Amino acid sequence: MSRTGTAETNYLNAQHGLKSWLLTLDHKRIGLLYLMGVSFFFLLGGIFALLIRLELLTPQGDLVQPDTYNRLFSMHGIMMVFFFLIPAIPGVLGNFLIPIMIGTRDVAFPRLNLASWYIFMAGGSITLLGVLAGGVDTGWTFYPPYSSLYSATNVLTVGIGVFVNGFSSILTGLNFMVTIHRMRAPGMTWFRLPLFVWGHYATSFINVLGTPVIAITLLLLVLERAFHLGIFDATKGGDPVLFQHLFWFYSHPAVYIMILPSMAVISELIAAFTRKRVFGYHFVAFSSIGIAVLGFLVWGHHMFVSGQSVYAGTAFSLLTMLVAIPSAIKVFNWSFTLYQGSVSFDTPMLYALGFIGLFMIGGLTGVFLGTLGFDIHVHDTYFVVAHFHYVMVGGTIMGYLGGLHYWWPKITGRIYPEFWGRMSAMLVFVGFNLTFFPQFLLGYMGMPRRYHAYPEEWQVLNVLSTAGASVLGLGFLLPLGYLLWSLKYGKLAGKNPWGAKGLEWTTDSPPPTENFRDAPVVSEEAYDYAGAGHGDGGAPAPARAH
Amino acid sequence: MPFKIPFMPEQASSMAGEVDALTLYLVAMASFFTVLVAAMVIYFAIRYRRRSPDEVGGSFDNSALLEITWTVIPVLIVLFTFVWGARVAFRLYRPPADAVQYYVTGKQWMWKTQHPTGQREINELHVPLGQPVKLLMTSEDVIHSFFVPAFRVKADVLPGRYTSLWFTPTKTGRFHLFCAEYCGAEHSRMIGWVTVMEPEEYQAWLASVPTQGSPTAAGERLFAQLACHTCHQDAAGAKGPALGGLYGRPVALADGRTVLADESYLRESILNPAAKVVAGYEAVMPSFQGQVSEEGILELINYVKSLPAGGSASVAAASEGAL
Amino acid sequence: MSHGHSSALAHHFDSLEQQREASTLGMWLFLVQEVMFFGGLFMTYMLYRWRDPEAFAAGSHDLNITLGLLNTVVLIASSLTMAMAVHSAQTSRRRPLIGYLTATGVLGLAFLVVKYFEYSAKWEHHLVPGPLFHFSEPAIGGRAEVFFSLYFAMTGMHALHMVIGIALLAWILRGAVRGRFDASYYNPVENFGLYWHFVDIVWIFLFPMLYLIGRHYHGGA
């Protein structure tokens, strides 16, 4: 292969100019638009996080005023959850890869896809406007009556921003579902789909079913605040706890919107860097669907101490426990894929292995919290904060960064510097644990979340956590530097730098606008390393019965 | 120095030990699986590391036996965990019969507490050692959450309704009280202390605090002041139902439903009388929304609860007429 | 295949058939999310109705059942004309297609006009939630405010869907006038029909829930 990546036209050099980007209908370019959007919101959310950790370095609450601190953690949560974690993997990697992985030219509705990005940016801009006007101090959960009657901050602006952003998720989910149903290449049967596609299918299912509920909930909250409707106001016969039910009916499945795409990435990474078919393909695929369905039945565990009856609590506790099963199935199958594999330790694999470790802890502490008798003590404490950061940062961000490194050569045609990649993967892993493990202990000792000041006996653990946060911040900043550097100076990647399977590795890096020079026909199972050897993976091998 | 498990808060209630035992089990279970998976991953990763650039993995990629194993074992473990957790929770939710009721009102950003004997405190609560205590709680504004780590108890404090929690202190001393539900600017300063005293000391302390009488007496004064008695009489033809012996009894409503006359029902009937009209009566009672404070409502409820079932002829007649 | 049809095929689809299947599936999924969107409102309504049936019955009593019934009839008629429009497109009859689409639009506008009169009557009677809200029955008073909040939220959301529907209808009508639709390509008409029927069905639920249930026993009290 002597062909250089830039000599031929590809999706990056096919057209030039700002307009060719802002009006593009190419799913790959839209993926890159998302990359810029989510990176911006991630940096912003990260700065808020750093200020939070700096404030908590000392117990007295002496860096910023309490109401400033409350805005910081609220804006951190809103930016990270709604504008980074939810759109990151589907928006960037899902958009770029799903059509290529299923062997088609684009998503089913390219205009809708571009519209989704604009809606995302519109929602983000409205929210940003709210931030610039002084932010919001309700926490990312917007609980009334505080948010509807008492907060003096920009709840309306930010609420509308998040509301608008929801439609971006809905439309992206709808687009992916139709694409996966109707656009697969000849021979690409459901059980030949890469697990990445299965994971995104499950995610889209939640997006379409769950997001409309938070949309209407936020709309009611905005109306309640603007016109004082009384729907969430106890003095007018409304019920503030109803908001919590409606909110978590979406926002708990939203946790799976964040983690399922990451799990989808991990399946690809593990297969590529063991050069082996993912163990128990069908179980891993169906466990994604299982998580998506069960995820809708557990929202009540957020109200274990909100005056819910003990019987409702017990039922939600049991259902919550059941979500652990498909997650456990995934972890065991990934781990066992390594058995008799050909394991290499490139940067993406380090992220994948890190993911397994951190997700284990995040998932198991989820079982802790689902245990009714245990949850009462740690509800709304730093134990919960640590748990969901293990799932969302240890899970989602590890998967996102691993996937970004893995497909970077495909997206840009260049290879990132491997040494720095491994360095940052290790910094992230160490920094992450140092930041969040102490928070489990703080939570069990009783430190409530969203505290601006705290009793002195908890300072040591908080100092550890802040120290970890600075390491973690460095780990996140490094890739920003060397990935940008590699755009110009990185080695040319060639079609398949990893020797991986999958249709995306059979086309050029970067791919041509129409994705494939010749429309692919699929005749083998996903990850068929043992059956047909590896390399360019261009020659179709006969389908293997199993 | 007494032995202390690191990173565990003090155990100062009858339930603390049970919650901690559950915690130790959870930590052991989680550690076992984390170590198991980590060991498996590390061993496989090293044992099967790539030895030549063109090497590919083996073809062993599914096993029904393994899948069943690692589905069934986690199912059994989580079911066991669920049952243990639910048993502890049921004990945490249900106060013992001999629990003494204290009152807590949360407001931005303080805890107001009241003893059954009428003493009031702010951001403090004194309780006697060994006495089961039940807190009946409500909020004047936003949602708060009453949390005492040393007792391993927590319950949200909601506007417009009552929630409760209970504990039996097993150790004297001062224990942190936190607000655990974010409630605005001074959320992290909405903290206080629960002081557990020997029963004799507690009695002495009670005697040293001036009080305007018990909540029942205060409720009686309020009852008269608001002229509740003009309608709620034990006489035939009274506009309102008699209240003697009402608390804890089922009440037949005009729309055919039956409700239990608990604190929440009494509170609703004061603030929102037309929501549940007693069978045989007209919905003529005005709402007292905004005219009585949350503490006043608690005092009224206390007074109603104290009324004996005597002179119940009219009550019986009314309910018979309704049925 | 005429020229008009091949231009209807977007470049990333292999065939018109695939394009048609994709857009129909997309529309159904869109309606699923609409169901969830209104579902949140309906759940809220049912919960509050169950908590305070009297206030809801009293509030319901103050709605104008004649206008509500009129609007129900108008919408059902518009569903019929819409179905006829889809049928005309399927059978390549351009003139009836234009006629039925116009009729659907007129009926949709008629619904909004009636809704406007209902809303302004509520405004005059101080039944719009907010500082001016006043409910005549003293025993119910402010408690009816939640009913009217939900009434305006639900019918307002529905009316917004009607407005969007009429805007889309204008766009479809433009295509019909230009002769874009016939038996081989009528997917946009069909998908718009699905949306229109869905919006009608929402009203078919809203009408009994808001106007009808509980009227009788308030009258008897």
Among C:ILE76, C:TRP203, C:ALA167 the positive-end extreme of the charge dipole of the range C:37-220 (Cβ point charges): C:ALA167
Neighbouring partner chain Cβ atoms per residue of B:146-157, average, 10 Å criterion: 5
Nearby lysines by direct alpha-carbon distance to B:LYS107 (threshold 17 angstrom, same-chain neighbours under 8 apart not counted): B:LYS154
Overall dimensions of the range B:215-322 as given by Cα atoms, namely Rg and Dmax in Å: 12.8, 35
Stokes-Einstein D in µm²/s, Kirkwood radius over Cα pairs - the range B:1-97 at 20 °C with 1.002 mPa s viscosity: 121
A:SER151, A:SER327 arranged by Cβ crowding within 10 Å, fewest neighbours leading: A:SER151, A:SER327
Theoretical ellipticity at 222 nm over chain C - DSSP helices of four or more residues, -39500 (n - 2.57) apiece, nearest 500: -26500 deg cm²/dmol
Cα→Cβ-extended label distance, 7 Å offset, between C:ALA167 and C:HIS87, nm: 3.1
Distant-in-sequence amide H partners of B:VAL278 (H built 1.01 Å from N, under 5 Å): B:ALA254
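Give a quick list of trypsin sites (Lys or Arg not before Pro) in the range B:1-61 that DSSP marks as loop, anything other than H, G, I, E or B, with at most 16 other Cβ atoms within 10 Å.
Within the range B:1-61, the qualifying trypsin sites (Lys or Arg not before Pro) (loop, at most 16 other Cβ atoms within 10 Å) are B:LYS4, B:ARG51.
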Lys/Arg +1, Asp/Glu -1 at C-beta; the protein assembly as shown dipole; positive extreme among B:VAL88, A:MET423, A:GLY134: A:MET423
Principal-axis tilt of helix B:294-306 within chain B, Cα atoms, nearest 10 degrees: 70
Interatomic Cα distance distribution for chain B, bins of 10 angstrom, percent: 5, 20, 23, 19, 14, 9, 6, 3, 2, 0
Cα-centred dipole magnitude for the range B:167-323, charges only on beta-carbon of K, R (+1) and D, E (-1), debye, nearest 20: 120
Sorted by Cβ density within 10 Å, fewest first, the residues B:ASP234, B:ASP61, A:ASP518: A:ASP518, B:ASP234, B:ASP61
Residue-count net charge about A:ILE180 - beta-carbon cut-off 14 Å; Lys, Arg +1, Asp, Glu -1: +1
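May I ask you to give the average projected area over all directions of the convex hull of the Cα atoms of the range C:37-220, in nm² rounded to one decimal?
Projected over every direction and averaged, the Cα hull of the range C:37-220 covers 10.8 nm².
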Directionally averaged projected area (convex hull, Cα atoms, the protein assembly as shown), nm²: 46.5
With Cα atoms, 0 to 90° folded angle of helix B:313-322 axis to chain B main axis: 60
Helix runs (DSSP H) in chain C reaching 27 Å along axis by Cα, Kyte-Doolittle at least 0.5: C:65-90, C:144-177, C:187-206
Shielding score for A:70-76, defined as the mean number of other chain Cβ atoms within 10 Å: 1
Histogram of C-alpha separations across the range A:30-526, 20 Å bin width, %: 24, 59, 17, 0
Residue-averaged 222 nm ellipticity for chain B, from DSSP H runs of 4+ at -39500 (n - 2.57), nearest 500: -12000 deg cm²/dmol
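Report, in debye and to the nearest 20, how large the dipole of the range A:431-503 comes out about its Cα centre when Lys and Arg carry +1 and Asp and Glu carry -1 on their Cβ.
640
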Cβ-Cβ FRET estimate between C:HIS125 and C:LEU194, R0 fixed at 41 Å, reported to 0.05: 0.65
Within a Gaussian network of chain C (alpha carbon springs, distance under 10 Å), most fluctuating of C:MET43, C:MET27, C:MET209: C:MET43
Charge dipole (the protein assembly as shown, unit charges on Cβ, about Cα centre) - positive-most of C:VAL189, A:GLY210, A:ILE329: C:VAL189
Relative contact order (%) - criterion: Cα under 8 Å, at least six apart; region: chain A: 18
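Checking understanding here: applying a Kyte-Doolittle mean of at least 0.5 and a length along the axis of at least 18 Å (C-alpha), which whole DSSP H helices in chain A pass?
Answer set is A:27-55, A:110-132, A:155-182, A:195-227, A:240-274, A:281-294, A:310-337, A:347-370, A:418-445, A:459-489.
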Using θ = phi - 60° and Karplus 6.51 cos²θ - 1.76 cosθ + 1.60, couplings along the range B:150-161 (whole Hz; Gly, Pro as x): 5, 9, 6, 10, 7, 8, 5, 10, 10, x, x, 7
Charged-residue dipole, Cβ positions (Lys, Arg, Asp, Glu), the range C:37-220 about Cα centre, Debye nearest 20: 720
Residues B:SER13, A:SER309, C:SER88, sorted so that the one with the fewest Cβ neighbours within 10 Å comes first: A:SER309, C:SER88, B:SER13
0 to 90° range, to nearest 10: angle between helix B:16-47 axis and chain B longest Cα axis: 20
A:TRP21 versus A:LYS491: modelled label distance in nm, points set 7 Å from Cα along the beta carbon direction: 2.8
Pairs of Cα atoms farther than 19 Å apart, the range A:318-395, %: 43
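We did not get these values from a lab; they are worked out from the coordinates using the rules stated. Please read all numbers here as calculations on a predicted model, not as lab measurements. Cβ sites come from the backbone with ideal geometry, for glycine too, and all protein chains shown count toward neighbours.
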